Amino acid sequence: MNIDKENVIGSILDSISRIDYIRPEEIPNIALYMDQVTTFMDAHLESSKRYEEDKILTKTMINNYTKNHLLPPSDKKKYSTEHILLLIFIYYFKGFLSINDIQTLLQPLSDRYFSSEEGMSLTDIYNEAFSMEKEQIEVLKKDVKEKYERSRETFADAPAGEREFLQLFSFICLLSFDVYLKKQIIENLIDLLPPPAKGRK
């Protein structure tokens, strides 16, 4: 196994810098049909695919989200800006949270701010959350670099032919443990919220 040590961390940090977010100004301010929604999501999140055949969003997914009360029903087969905002949140959360947890987290947003004409809107909430996420990129890059350097110090006594794999394994373990702990924290926080209402219309 031959790992290019010089390029591993540089490539990882570059990929973090290229992480795609759907910026607030890119979100259509008009209602879209389902095909237009899936096309929009595919176009703006294509770089987050691991494999070419991966699907960002499909009609079946949208229908399932509506059926499971993660997403309010469309209005005459059209989806508003608020629908798209919720779909973006669902896309990010579904990689590490259960459908029930996502519903618990998003239902209060839908109930209080979906099509709200007074006070805060879902757009306001998305913009605020998005501004925090952008700030975290540099923090994340620094953390990943520190974990990589730490992993390079492990298995110093291992045979040369095995050391590279074992150090890569250490790096993956450090990143995984971080994800595991944060997932536990997120789930504990969600458990503080009221459970989603059953059979919500």
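Restricting region 98-201 to GluC sites (Glu not before Pro) that sit in a DSSP loop and have at most 11 other Cβ atoms within 10 Å of their own Cβ leaves Glu117, Glu118, Glu153.
Here region 134-201 exposes an accessible surface that is 63 percent carbon and sulfur, computed with a 1.4 Å probe and the other protein chains kept in place. With the charge dipole of the chain set up from +1 on Lys and Arg Cβ and -1 on Asp and Glu Cβ about the Cα centre, the Cα lying farthest toward the positive end among the listed residues Ser74, Leu106, Tyr148 is that of Ser74. Helices assigned as whole DSSP H runs in the chain whose Cα atoms extend at least 30 Å along their own long axis and whose mean Kyte-Doolittle hydropathy is -0.5 or higher are found at 160-190. The stretch between Ile185 and Ser115, if pulled fully straight at 0.36 nm per residue, gains 22.1 nm over its current Cα-Cα span. Nonpolar atom fraction for region 23-89, defined as the carbon and sulfur part of the 1.4 Å probe accessible area, stands at 48 percent.
Over region 1-148, with the other protein chains present, what is the accessible area per residue in square angstrom, probe 1.4 angstrom? Provide the component values of the computation, followed by the final result.
Numbers: 9010 Å² over 148 residues.
Value returned for region 1-148: 61 Å² of accessible area per residue.
Using Cα pairs under 8 angstrom and six or more residues apart, how large is the relative contact order of region 57-201, in percent?
On the way: 74 pairs, mean separation 37.6, N = 145.
About 26 percent, as a whole number.
All other residues whose Cβ lies under 11 angstrom from that of Ser116 are scored, Lys and Arg at +1 and Asp and Glu at -1, for a net of -4.
The values are calculated or read from the model by the stated rules, or taken from the named source; none is laboratory data. Computed from a prediction, not measured in an experiment: that's the story for all the values here. Backbone-built Cβ (ideal geometry, glycine too); neighbour counts: all protein chains shown. The accessibility values were calculated without ligands, DNA or RNA, using every heavy atom of the protein model including side chains. Shrake-Rupley method; radii C 1.70, N 1.55, O 1.52, S 1.80 Å.
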